[in-house]
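Take a look at the structure below.
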Amino acid sequence: KQEVTQIPAALSVPEGENLVLNCSFTDSAIYNLQWFRQDPGKGLTSLLLIQSSQREQTSGRLNASLDKSSGRSTLYIAASQPGDSATYLCAATFGNEKLTFGTGTRLTIIP
Amino acid sequence: KAGVTQTPRYLIKTRGQQVTLSCSPISGHRSVSWYQQTPGQGLQFLFEYFSETQRNKGNFPGRFSGRQFSNSRSEMNVSTLELGDSALYLCASSGAQDRVFSRETQYFGPGTRLLVL
């Protein structure tokens with residue numbers, strides 16, 4: 001069964017620190033992996049999309065990596081800010097062509 | 001460019017009723033997908049439409065259905081509502097042209113929060 005896992009479920013970090021969010025998946029035959037953020041009661045905002053042929057993608061203070069062989073992706077956030085507080089979800093596209101989501105990591109940046 | 005819009009934003013229904021939710025994709029996007037988000041199950045894929053055709057479907061009962069119109073707007077319908085259908089229903093559109101919609105960046109709407117009493 002194709003699954004996506006995010007650990008930990010919640011994370012608190014002081015403002016200004018760099019941090020890494022983890023995402024693991026069970027099937028290395030992955031088409032791509034996307035990272036989203038979700039603010040309370042809101043929809044999802046796409047952050048980064050990494051295709052299977054890529055190793056990483058960067059956008060501003062965000063950097064996402066993909067390692068298919070180990071079944072892992074990480075989202076690195078540099079110089080964290082209170083506005084980064086949200087739930088971060090990763091989602092993978094496997095051979096069934098459906099987007100499979102992790103359960104998310106709720107990030108709190110402490111001012 | 002306007003984002004994905006969903007109506008209504010909030011809805012309260014009782015068991016046994018049916019409900020129709022609407023989604024308008026980003027202009028020019030022809031792929032629309034629907035997801036259900038609950039605290040227990042997280043985000044789960046319902047179905048995806050492209051050019052008025054359902055291209056992919058998740059593991060939901062037949063009570064959940066959808067359609068897409070020629071202007072790419074989409075509706076999803078849930079019949080015979082159950083308490084467990086209470087959830088945030090999210091719609092996403094993408095500029096995908098080929099058959100693998102989820103290879104493209106998904107742009108999500110704000111969702112419709114459905115409460116079934």
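The values are calculated or read from the model by the stated rules, or taken from the named source; none is laboratory data. All figures in this text were calculated on a predicted structure; none of them were measured in a lab. Neighbour counts are summed over all protein chains in view; Cβ atoms, including those assigned to glycine, are modelled from backbone coordinates with ideal geometry. Each accessible area value is taken on the protein alone, full model and side chains, heavy atoms only, with ligands, DNA and RNA left out. Shrake-Rupley method; radii C 1.70, N 1.55, O 1.52, S 1.80 Å.
On the given criteria, is B:Ser31 within 14 Å of chain A (Cβ to nearest Cβ), among the small types (Gly, Ala, Ser) and surrounded by 21 or more Cβ atoms within 10 Å (Cβ to Cβ)?
Against the criterion (within 14 Å of chain A (Cβ to nearest Cβ), among the small types (Gly, Ala, Ser) and surrounded by 21 or more Cβ atoms within 10 Å (Cβ to Cβ)), B:Ser31 qualifies.
Being touching a residue at least 40 places away in the same chain (Cβ under 8 Å), among the hydroxyl-bearing types (Ser, Thr, Tyr) and on the phi < 0 side of the Ramachandran plot is the requirement here; does B:Thr5 meet it?
Considered against the rule, which asks whether it is touching a residue at least 40 places away in the same chain (Cβ under 8 Å), among the hydroxyl-bearing types (Ser, Thr, Tyr) and on the phi < 0 side of the Ramachandran plot, B:Thr5 comes out as yes.
Quick check on my filter: what residues within region A:88-111 are in a strand (DSSP E or B), open to solvent by less than 10 Å² (accessible area, probe 1.4 Å) and either closer than 24 Å to B:Phe50 by Cβ or within 14 Å of chain B (Cβ to nearest Cβ) (or both)?
Listed by number, the residues that qualify are A:Tyr88, A:Leu89, A:Cys90, A:Ala91, A:Ala92, A:Thr93, A:Leu99, A:Thr105.
Of A:Ser12, A:Ser53, which residue is open to solvent by 40 Å² or more (accessible area, probe 1.4 Å) and over 29 Å from B:Tyr49 (Cβ atoms)?
None of the others qualify; the one that does is A:Ser12.
Restricting to region A:17-47, name every residue that is exposed (fewer than 14 other Cβ atoms within 10 Å of the Cβ) and in a loop (DSSP other than H, G, I, E, B).
Those that are exposed (fewer than 14 other Cβ atoms within 10 Å of the Cβ) and in a loop (DSSP other than H, G, I, E, B): A:Glu17, A:Asn18, A:Ser28, A:Ala29, A:Asp39, A:Pro40, A:Gly41.
Can you name every residue in region B:1-28 that is outside any loop (DSSP other than H, G, I, E, B), within 15 Å of B:Leu115 (Cβ to Cβ) and open to solvent by less than 70 Å² (accessible area, probe 1.4 Å)?
Scanning region B:1-28 gives B:Leu11, B:Lys13, B:Val19, B:Leu21.
Of the conditions (1) at pLDDT 90 or above; (2) within 13 Å of another protein chain (Cβ to nearest Cβ), B:Phe69 satisfies every one except a single condition; which number is it?
Looking at each condition in turn, B:Phe69 falls short on (2).
Identify the residue in region A:64-87 that is surrounded by fewer than 22 Cβ atoms within 10 Å (Cβ to Cβ) and within 14 Å of chain B (Cβ to nearest Cβ) and, among all such residues, is farthest from the chain's Cα centre (by Cα).
Residue satisfying both the conditions and the ranking: A:Ala86.
Right, B:Leu81: crowded, with 18+ Cβ neighbours inside 10 Å and within 14 Å of chain A (Cβ to nearest Cβ) or not?
It is false that B:Leu81 is crowded, with 18+ Cβ neighbours inside 10 Å and within 14 Å of chain A (Cβ to nearest Cβ).
State all residues of region B:34-59 that are open to solvent by 10 Å² or more (accessible area, probe 1.4 Å) and of a type in the set (A, V, I, L, M, F, W, C); if no residue qualifies, say none.
B:Leu43, B:Phe45, B:Phe50
From the list A:Ser70, A:Ser65, which residue is farther than 28 Å from B:Gln36 by Cβ and either in a loop (DSSP other than H, G, I, E, B) or touching a His at 6+ places or on another chain (Cβ under 8 Å) (or both)?
A:Ser70 is the lone residue from the list that is farther than 28 Å from B:Gln36 by Cβ and either in a loop (DSSP other than H, G, I, E, B) or touching a His at 6+ places or on another chain (Cβ under 8 Å) (or both).
Quick check on this structure: which one of B:Gly62, B:Gly95, B:Gly111 is surrounded by fewer than 21 Cβ atoms within 10 Å (Cβ to Cβ) and within 14 Å of chain A (Cβ to nearest Cβ)?
Matching residue, one of B:Gly62, B:Gly95, B:Gly111: B:Gly95.
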